[in-house]
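Below is one structure, written out as structure tokens; comments come after it.
The values are calculated or read from the model by the stated rules, or taken from the named source; none is laboratory data. The shown structure was predicted, so the numbers you read here are calculated from the model rather than taken from an experiment. Cβ atoms come from the backbone with ideal geometry, glycine included; neighbour counts cover every protein chain shown.
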Ligand SMILES: *Cc1c(COP(=O)(O)O)cnc(C)c1O
């Protein structure tokens, strides 16, 4: 059997799956997943499997030492015969950088693309088809060897799981400026998508909720003076009509949405500046109105407006505009992702559907 043939078990799991009305973000698991294991210095054969719990040694280094890196990407199928993924090669390249930083084996590009194509092809008919909906893909690579010696595993798994999702939205976000904890320092793992970063961010996330905010805004680890990003999204400010975003400082995660918005905004005639943005300067400019709008971006929510920046002492800084430039850029990006407008930058990859479900009416 060829590696990516669809087994009767996988076919049965997909055929018996029905897409619920309410999808949320990550609440619904797609019925299939991809897995390939690394042992003896090489990748084995990849398999599509029914979505299920996995066996893992309790002492596995992924659990004990956070030897885990991941990606987040989306497949779309909005009134199209074939699904499409967005900037998959960039997710692949970033996963390779993340693996390298943790000295884990890289997932070669052909294997990564085969995994994505196999899973998206198999799940084509369970991709929700209303604008804003998508199949969220979560590729992840983790060390499976158990033991406490502080070195890498010698065995790894690379998996891709998927979730049919709505656009992740909490409405306009209230953002809590975090002036005590730090998420990531230059030289650490902040600029790669390693699970460890999110562990470091959890206390501030809880503190933000306690302050009636949706998310924490991180400052640089050295001086706690410059804006980095949110726990899982990059940030932009509209300053005197220009777009400003923190320059990648070696601890900020280089978001693919961030990169896409920079390209799209420039194409639409905006001046875009990547620079060090001091938090006190930003709050002052919001107060004066020269910063008219602040927003965040990432694969999950695409572009999220920010309604208030709440400082550690409780002071609220409210931008005069919410979701103006953000809405413009969100639609510009989404219309490319959903293939309603021209793929100006070669970001779209079509996938061949593999399982046709009888009588689907979605
Ligand atoms: C994933 C992530 C982002 C957004 O990256 P995208 O590629 O745009 O989804 C931003 N910041 C952090 C910390 C992230 O983990």
Determine if region 39-49 includes at least one residue that is within 16 Å of the ligand (Cβ to nearest atom), more than 18 Å from residue 118 (Cα to Cα), modelled with pLDDT of 95 or more and in a loop (DSSP other than H, G, I, E, B). no
Filter pass, residue 256 being within 21 Å of residue 215 (Cβ to Cβ) and within 16 Å of the ligand (Cβ to nearest atom): yes
Within region 93-102, does at least one residue satisfy the condition of being without any contact (Cβ under 8 Å) to a residue 24 or more places away in the chain and within 16 Å of the ligand (Cβ to nearest atom)? yes
Conditions (1) touching a helix residue (DSSP H, G or I) at 6+ places or on another chain (Cβ under 9 Å); (2) more than 16 Å from the ligand (Cβ to nearest atom); (3) under 25 Å from residue 25 (Cα atoms): number failed by residue 115: (1)
Would you confirm whether any residue within region 312-323 is away from the ligand (no atom under 16 Å from the Cβ), outside any loop (DSSP other than H, G, I, E, B), under 21 Å from residue 211 (Cα atoms) and touching a residue at least 24 places away in the same chain (Cβ under 8 Å)? yes
Output yes when any residue across region 219-231 is free of Cβ contacts under 8 Å to residues at least 60 places away in the same chain, closer than 30 Å to residue 269 by Cβ and more than 11 Å from the ligand (Cβ to nearest atom), and no when none is. yes
Considering only strands (runs of 3 or more DSSP E) fully contained in region 196-309, which possess at least 1 residues that are crowded, with 22+ Cβ neighbours inside 10 Å? 215-219, 227-230, 234-239, 242-246, 291-298
When you check residue 151 against the structure, is it assigned to a helix (DSSP H, G or I), more than 14 Å from the ligand (Cβ to nearest atom), free of Cβ contacts under 8 Å to residues at least 40 places away in the same chain and farther than 28 Å from residue 335 by Cβ, yes or no? no
So if I check each of 263, 276, which one is within 16 Å of the ligand (Cβ to nearest atom) and either at pLDDT below 95 or more than 13 Å from residue 326 (Cβ to Cβ) (or both)? 263
State whether the residues of region 169-177 include one that is within 12 Å of the ligand (Cβ to nearest atom), in contact (Cβ under 8 Å) with a residue 60 or more places away in the chain and out of contact with any helix residue (DSSP H, G or I) (no Cβ under 9 Å at 6 or more places or on another chain). no
